[in-house]
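Only one structure is covered here, and it is reproduced in the block below.
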Amino acid sequence: MCRHLVYLGPPVTLRELLFDPPASLVRQSWAPQDMRRGGSINADGFGVGWYSSDGDDPVRYRRAQPIWSDPTIAQLAGVTRAGAILAAVRSATVGMPVLESAAAPFLEGRWLFSHNGAVRGWPDSMAPLAGALPVRDLLTLDAATDSALLWALVRHRLRAGVEPGRAVAETVVAVARAAPGSRLNLLLTDGHTAVASVAGHSLSIRRTPTSVLLASEPHDDDPDWQAVPEGQLVVATATEARTCALLAD
């Protein structure tokens, strides 16, 4: 189990998302509220990516340690403002490495990516899908983890010109067929649009007229939070969001 979020809207400090709310992402790293899929804490690394301006690629900060034990992120969060942010705290699947490079967000160009869940039967179940990727992509995976391979699968589609929502949906469908029972909550953003899948874990959305926040669990008791149903794909900008069925029949 991991916890992640993506925010699009007027600039806010990282602290307003990561530290200040009563059930902030930092608190979720040691006291998550939704434990239905096992695990107890998310202490195997963390990461945050943000877009300093519309024209710039994102900045990323990752560590292999618990987010609560890193004083730098606390200082950085108080002085860094952005209108597009993706952040995650990690609980590593048993047998997978605890490395900085294994922590979300994964990055290429303007894209940031995160995975909350686990691929069933790893790594054997994913061999056929991995074998269809370019060899160079496999040799340059961020880490030997299911999340890094999921990112490679999504990224391969993006590079081919596939629309972001479709790239995420196609990846979830393909992996769900290859590895039934996998938990595949994915987040993808380019700083303008956010895509989220709900497949095996919780996801909630909070919208205002000028912002959207998608998160593994609400970080406060605001009544505007809404749970996204299982099996749905969310595609959102700061001013609108649409939801559709994720998995094909």
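All of SER29, SER52 fail the test of being crowded, with 19+ Cβ neighbours inside 10 Å and at pLDDT below 95, apart from SER29. In the stretch 188-207, the residues that are within 20 Å of ALA238 (Cβ to Cβ) form Cβ pairs under 6 Å with partners that are among the aromatic types (Phe, Trp, Tyr), at six or more places apart or across chains, as follows: LEU188/PHE113; ASP190/TRP111; GLY191/TYR51; SER204/TRP225; ARG206/TRP225. No other residue among VAL98, VAL59 is of a type outside the set (S, T, N, Q), in contact with an Asp or Glu (Cβ under 7 Å, 6 or more places away or on another chain), under 23 Å from LEU153 (Cα atoms) and without any contact (Cβ under 8 Å) to a residue 60 or more places away in the chain apart from VAL98. If you go through the stretch 213-239 and keep only what is over 15 Å from the mean Cα position of the chain (by Cα), of a type in the set (A, V, I, L, M, F, W, C) and closer than 19 Å to TRP50 by Cα, you end up with just ALA238. For the stretch 209-218, the criterion of a residue being under 23 Å from MET126 (Cα atoms) and not polar (S, T, N, Q) is satisfied by no position. Test THR210 against the stated conditions and say whether it is more than 14 Å from the chain's Cα centre (by Cα), at pLDDT 95 or above and among the β-branched types (Val, Ile, Thr). Considered against the rule, which asks whether it is more than 14 Å from the chain's Cα centre (by Cα), at pLDDT 95 or above and among the β-branched types (Val, Ile, Thr), THR210 comes out as yes. The helices (runs of 4 or more DSSP H) found wholly in the stretch 62-142 and carrying at least 2 residues that are in contact with a Phe, Trp or Tyr (Cβ under 9 Å, 6 or more places away or on another chain) and surrounded by 15 or more Cβ atoms within 10 Å (Cβ to Cβ) occupy 71-79. Candidates are the residues of the stretch 177-214 that are farther than 19 Å from GLY165 by Cβ and among the aliphatic types (A, V, I, L, M); the one that is surrounded by the most Cβ atoms within 10 Å (Cβ to Cβ) is ALA179. The residues of the stretch 101-144 that are β-branched (Val, Ile, Thr) and touching a residue at least 40 places away in the same chain (Cβ under 8 Å) amount to a single one, VAL119.
The values are calculated or read from the model by the stated rules, or taken from the named source; none is laboratory data. Keep in mind it's a predicted model, so treat the numbers as computed, not measured. Backbone-built Cβ (ideal geometry, glycine too); neighbour counts: all protein chains shown.
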